[in-house]
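Peer 1: Pasting a structure below so you can have a look.
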Amino acid sequence: MLSSLNSREKRIGLIAAIALGLLALDRVLLSPLLTRWSEAGATLKAARSELDAARQTLTNDQHAQGVWDQMKGDTLKNNASDSESQLLNATRNWADVSRLSLQSLKPERSEKERGFQKITVRAAAVGTMQQVARFLSQVQSASIPVRISDVQITSRKENTDDLSVVIGLSTILLADEPAGMEAKR
């Protein structure tokens with residue numbers, strides 16, 4: 001049968017066979033390969049986007065931890081006795097600097113509050129209005145976490161600048177973290 005075909009018909013048949021072969025090759029191999037390649041590109045792009053988001057979250061987490069560590073410095077203690085001692089020593093120092101005469105200084109109570117432990121001390125002192133004002137200014141500009149919970153100022157003698165002050169001061173410390181929280185850091 002091939003012998004009866006002339007060279008022109010043989011060329012047309014050969015070209016048709018090559019075209020059919022290329023079409024079959026495209027259907028079976030090339031198109032699926034290109035489809036998978038584009039899907040892989042889209043998957044890779046999505047994975048890179050997720051990786052960038054995760055890296056940004058990690059960077060933000062590390063930055064926040066660094067800011068927290070810088071803010072708390074060595075003033076926010078993890079131990080109740082250290083925090084109480086820090087507050088008592090600071091109160092004595094503030095009284096000395098302001099020349100306020102401390103009559104008593106004693107720890108009052110300790111309680112948990114919003115993830116922190118709060119320690120309160122009560123100080124009783126005598127002095128002038130200027131000395132009391134200096135003391136309060138020292139507390140306000142303290143480098144440790146301290147809060148005035150209450151103040152009671154009374155005159156010891158009528159018509160004189162001889163005052164008696166009773167003040168409640170509180171500080172905070174990190175409460176014990178539940179198990180597993182330290183591992184997250």
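The values are calculated or read from the model by the stated rules, or taken from the named source; none is laboratory data. Note that the structure is a prediction, hence the values are computed from the model and not measured. A quick note on method: Cβ atoms are made from the backbone with ideal geometry, for glycine too, and the neighbour counts reach across all protein chains shown.
Peer 1: Among the residues of region 103-110, are any in contact (Cβ under 8 Å) with a residue 60 or more places away in the chain and under 27 Å from the mean Cα position of the chain (by Cα)?
Peer 2: For region 103-110, residues in contact (Cβ under 8 Å) with a residue 60 or more places away in the chain and under 27 Å from the mean Cα position of the chain (by Cα): absent.
Peer 1: Have a look at S155, S110 and point out the one that is more than 23 Å from A80 (Cα to Cα) and of a type in the set (S, T, Y).
Peer 2: Working: S110 fails: more than 23 Å from A80 (Cα to Cα).
Answer to the check: S155.
Peer 1: If I filter region 141-185 down to residues being in contact with a Ser or Thr (Cβ under 6 Å, 6 or more places away or on another chain), over 24 Å from T128 (Cβ atoms) and among the aliphatic types (A, V, I, L, M), which single residue comes out as modelled with the lowest pLDDT?
Peer 2: L173
Peer 1: On the given criteria, is N78 at pLDDT below 90 and surrounded by 11 or more Cβ atoms within 10 Å (Cβ to Cβ)?
Peer 2: Numbers: at pLDDT below 90: yes; surrounded by 11 or more Cβ atoms within 10 Å (Cβ to Cβ): yes.
Yes: the conditions hold for N78.
Peer 1: Give the residue that is surrounded by the most Cβ atoms within 10 Å (Cβ to Cβ), with candidates limited to residues of region 132-141 that are out of contact with any strand residue (DSSP E or B) (no Cβ under 8 Å at 6 or more places or on another chain) and under 14 Å from D161 (Cβ atoms). Even if it seems obvious, please write down each step before you answer.
Peer 2: Going through region 132-141, the residues out of contact with any strand residue (DSSP E or B) (no Cβ under 8 Å at 6 or more places or on another chain) turn out to be 133-134, 137-138, 140-141.
Retained after the next criterion (residues that are under 14 Å from D161 (Cβ atoms)): 133-134.
Details: A133: 13, R134: 18.
Checking each candidate, the answer is R134.
Peer 1: For the condition modelled with pLDDT under 85, at positive phi and not acidic (D, E), what is the one hit in G73, G66?
Peer 2: Working: G66 fails: at positive phi.
Going through G73, G66 in turn, just one is modelled with pLDDT under 85, at positive phi and not acidic (D, E): G73.
Peer 1: Quick check: anything in region 113-125 outside any strand (DSSP E or B) and either in the same structural domain as T160 (by TED's automatic domain parsing) or modelled with pLDDT under 85 (or both)? Lay out the reasoning, then the answer.
Peer 2: Within region 113-125, the subset outside any strand (DSSP E or B) is 114-115.
Now restrict to residues that are either in the same structural domain as T160 (by TED's automatic domain parsing) or modelled with pLDDT under 85 (or both): 114-115.
Yes, region 113-125 contains a residue that is outside any strand (DSSP E or B) and either in the same structural domain as T160 (by TED's automatic domain parsing) or modelled with pLDDT under 85 (or both).
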